[in-house]
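Notes follow the structure.
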Amino acid sequence: VIISTKNYDLEDIINQLTPCIADDTTILPLLNGVEAVQKIRSAFPNNLVPAGCAYIVSAIKEPGVVENMGNRQEIHFGLEGKTDKRLTKLEDIFKAAGIEATLSQEIAKVIWEKFIFLSCIATATSYFDKTIGKLLKEHLSTLTELLNEVIAIALKKGIKVDSAIKDKAIEHYTALPADATSSMHRDYLNHKPHTELSSLTGYVVRKAEKLHLKTPLFNKAYSALLAK
């Protein structure tokens with residue numbers, strides 16, 4: 001079972017899935033953020049639940065039509081420091097279907113590197129109400145400082161992220177279409193009743209407080225977006 005909903009729908013999805021989960025069911029979370037896998041493991045303690053993430057920039061263009069707007073379509077998943085033959089089989093299934101999938105034993109690093117990329121761009125596009133192209137042109141210094149704040153959290157947690165992760169994130173943003181934006185920003189633009197603010201921006205604020213780190217820009221953006 002692959003769970004790839006928004007974080008704010010996770011609790012309902014877990015309740016809906018519970019009658020369908022057998023003891024030998026493998027559950028693969030591909031949600032944004034870094035908290036979902038533990039919530040799913042707590043709900044299904046007897047099941048194999050690897051951590052995972054997906055790289056894709058897409059949007060629902062119309063009912064039944066999803067537009068791919070980016071240049072990366074990847075799935076990464078695995079267990080930290082170990083593997084399982086069921087996951088090796090799952091990787092083979094993905095690849096046989098033409099899906100670019102990688103089974104990793106350093107999945108925490110992979111997920112946190114995506115979280116660094118995503119939390120900053122989601123927060124900045126939503127706070128400034130700008131596309132990625134305009135954000136890079138008008139607010140690059142702020143975006144860079146947001147990256148510094150969340151990278152500090154990863155390092156304090158002992159996550160061995162790439163030493164060049166900040167430069168790679170900026171390169172990734174630059175490679176995206178100038179008129180693209182984050183899914184969280186699109187939710188604000190579409191006046192959706194829920195967004196991933198808590199899991200992408202709020203998580204940084206909460207974790208920084210627990211780790212005694214300062215994240216003034218994330219705090220400012222979080223407070224402003226909560227008021228939207």
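What follows draws every value from the coordinates through simple rules; no lab data is involved. Computed from a prediction, not measured in an experiment: that's the story for all the values here. Quick reminder, even Gly has a Cβ in these numbers, built from the backbone with ideal geometry, and neighbours come from all protein chains shown.
The table below lists the values:
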read-out	value
The range 108-226: relative contact order as a whole-number percent, Cα under 8 Å and 6+ apart	38 percent
Candidates 91, 62, 149, ranked by Gaussian network fluctuation over the chain, Cα under 10 Å, top entry	62
Anisotropy class of the range 1-102 from Cα gyration tensor, a/c 1.5 cut	oblate
In nm, spacing of pseudo-spin labels at residue 224 and residue 46 (7 Å Cα→C-beta vector)	5.0 nm
Distance (nanometres) between label positions extended 7 Å along Cα→Cβ at residue 210 and residue 11	1.8 nm
Of 16, 102, 3, farthest towards positive along the dipole that unit charges on Lys, Arg, Asp, Glu beta carbons give the range 2-106	102
Most fluctuating residue given options 31, 147, 90, as computed from a GNM of the chain linking Cα atoms under 10 Å	90
Angle in degrees between helix 85-96 and the longest Cα principal axis of the chain, rounded to the nearest 10	70 degrees
Residue among 58, 88, 34 farthest towards the positive dipole end of the range 2-106, charges placed on Cβ	88
Sequence-separation-based contact order of the chain, relative, with Cα cut under 8 Å and 6+ spacing, percent	18 percent
Charge dipole magnitude, Cβ of K and R +1, D and E -1 - the chain, Cα centre, debye nearest 20	560 debye
Sequence-distant residues sharing a close amide H with residue 104 (under 5 Å, placed H)	77, 78, 79
GNM top mover of 120, 53, 20 - the chain, alpha-carbon springs below 10 Å	20
Peptides 40-49, 104-113 ordered by average Cβ neighbours within 10 Å, highest first	104-113, 40-49
